[in-house]
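The values are calculated or read from the model by the stated rules, or taken from the named source; none is laboratory data. This one's a predicted model, so the numbers in the text were calculated from it and none came from an experiment. All Cβ positions, even for glycine, are placed from backbone atoms using ideal geometry, and neighbour counts span all protein chains on display. Keep in mind that these areas ignore ligands, DNA and RNA; they rest on the heavy atoms of the full protein, side chains included. Shrake-Rupley method; radii C 1.70, N 1.55, O 1.52, S 1.80 Å.
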Amino acid sequence: MPRYYEEKEEDARACGGVREDLRQCLLESPCVLRENKSPKQCLREGHCRSLQMTFFACKRSMVSVSSSFSAGGL
């Protein structure tokens, strides 16, 4: 369940809520807790895949919006 709406510090970065959920998911995954692997390694192995895809889609939409503004000035 996404946690970005719960009482937390405000993350002013783009897609901050999804970023925090992905971070928490990785830190709480069996890959990190039981196998003592790094969150980065667990991410590469496919853990928390749905949150990873959501985060990348959010970031992609931010790039898409900014490029549409800069393309209009040409």
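Structure data summary
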read-out	value
Pairs where the first residue, in region 43-62, is closer than 12 Å to Leu26 by Cα and the second is hydroxyl-bearing (Ser, Thr, Tyr), C-beta under 9 Å, 6+ apart	His47/Ser29; Cys48/Ser29
Evaluation of Ala12 against (1) modelled with pLDDT of 90 or more; (2) within 15 Å of the chain's Cα centre (by Cα); (3) loosely packed, with under 11 Cβ neighbours inside 10 Å (one fails), failing number	(1)
Only listed residue being open to solvent by less than 70 Å² (accessible area, probe 1.4 Å) and at pLDDT 95 or above, chosen from Gln41, Gln24	Gln24
Test: residue in region 50-63 that is out of contact with any Lys or Arg (no Cβ under 6 Å at 6 or more places or on another chain), at pLDDT below 85 and assigned to a helix (DSSP H, G or I)	yes
Selection count, region 26-49, where residues are among the polar types (S, T, N, Q) and not in a loop (DSSP other than H, G, I, E, B)	1
